[in-house]
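The values are calculated or read from the model by the stated rules, or taken from the named source; none is laboratory data. Treat the numbers as computed from the prediction; the structure is a model and nothing was measured. Please note: Cβ atoms are built from the backbone with ideal geometry, for glycine as well, and neighbour counts cover all protein chains shown.
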Amino acid sequence: MAIQMRRGLLSAYDKDKMLAGEWGIAIDADTDNQKAYIAFAPGVDKEVLFVEDAASQMAEATEEAIETATEEAEAWAHGNTFTVNDYASGDGETTAFTLAETPSSVSNVYVDGAEITAYTLSGATITFTTAPAEGTNNIHVIYTTDVSTDNSKYYAERAATSEANAATSESNAATSEANAATSETNAATSETNAAASEANAATSETNAEAYADRAEQAALTAGFIFFDIETGHLIYTRSDTLTTVDFYLSDGNLFVEVE
């Protein structure tokens with residue numbers, strides 16, 4: 001299978017002219033424009049993500065996604081409302097409670113499951129004529145709110161979350177790049193250590209053979225001395241030459257006999 005490739009300036013790249021399976025490589029001097037694309041059909045391509053560019057490209061993509069989502073949300077928001085189910089916990093004394101959003105209209109209010117109408121509403125604050133009894137989330141307010149005017153906090157919170165997620169993604173990309181470099185270094189070190197271990201093993205084997213030879217020579221040349229009780233002679237014997245040297249005194253003279 002042959003791989004076909006086209007190269008040139010990024011400004012000249014036209015995905016509609018690409019054929020399925022072709023690579024398009026932008027070889028601009030500006031590193032920001034050095035990109036690679038793979039075509040799956042004329043007009044259908046995907047950009048290759050490089051490790052060196054991962055952090056910046058992910059940040060750019062996240063920023064673009066945030067801008068697009070914000071624009072779409074703002075366009076949808078005008079003239080739209082949504083229903084909110086808000087809960088609060090009574091303590092038997094408090095009568096005023098702040099809702100999560102400012103209602104445009106209230107549908108139902110329940111306290112301990114019973115619907116009530118004895119309340120007033122001012123902005124995002126609902127005030128009961130009688131303090132609701134003590135309980136956990138025993139106050140249930142159902143209302144609608146205008147997305148375009150009263151839900152700015154909703155989008156602000158999500159914009160902040162998206163921005164934090166983008167920063168996390170960028171940090172993770174940088175960490176991955178650093179880990180890749182560390183792994184590459186560790187791999188090179190392991191390869192060096194393996195080569196050193198192999199050399200040491202060969203040296204140990206050579207030394208073992210040399211020591212074995214020396215041990216054999218020592219065993220052959222080493223002799224032993226013993227005293228012959230019957231003759232009163234001191235005898236030295238070497239195993240390599242099968243030679244026995246006999247030392248003895250006679251009439252005040254030292255005699256040496258080699259057999």
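Here are a few things to note about the model shown:
- Pairs linking a residue in region 169-181 that is of a type in the set (A, V, I, L, M, F, W, C) to a residue that is surrounded by 13 or more Cβ atoms within 10 Å (Cβ to Cβ) and at pLDDT below 80, with Cβ atoms under 7 Å and 6 or more positions apart or on different chains, are Ala173/Ala54; Ala173/Ala55; Ala173/Met58; Ala174/Ala55.
- Of the candidates Val44, Val141, Val106, the single residue that is under 40 Å from the mean Cα position of the chain (by Cα), farther than 25 Å from Ser162 by Cα and hydrophobic (A, V, I, L, M, F, W, C) is Val44.
- Test set (1) charged (D, E, K, R); (2) touching a residue at least 24 places away in the same chain (Cβ under 8 Å); (3) surrounded by 13 or more Cβ atoms within 10 Å (Cβ to Cβ); (4) within 26 Å of Ala181 (Cβ to Cβ) - Asp53 fails condition number: (2)
- Any hit, region 134-146, residues being over 30 Å from Glu170 (Cβ atoms), surrounded by 11 or more Cβ atoms within 10 Å (Cβ to Cβ), acidic (Asp, Glu) and touching a residue at least 60 places away in the same chain (Cβ under 8 Å): yes
- Residue that is at pLDDT 80 or above and either surrounded by 12 or more Cβ atoms within 10 Å (Cβ to Cβ) or among the aromatic types (Phe, Trp, Tyr) (or both), where the choices are Ala88, Ala77: Ala88
- Complete set of residues in region 96-121 that are touching a residue at least 40 places away in the same chain (Cβ under 8 Å) and part of a loop (DSSP other than H, G, I, E, B): Leu99, Glu101, Thr102, Pro103, Ser104
- Residues that are among the charged types (D, E, K, R) and surrounded by fewer than 12 Cβ atoms within 10 Å (Cβ to Cβ) were ranked within region 91-128; the one that is farthest from His140 (Cα to Cα) is Glu93.
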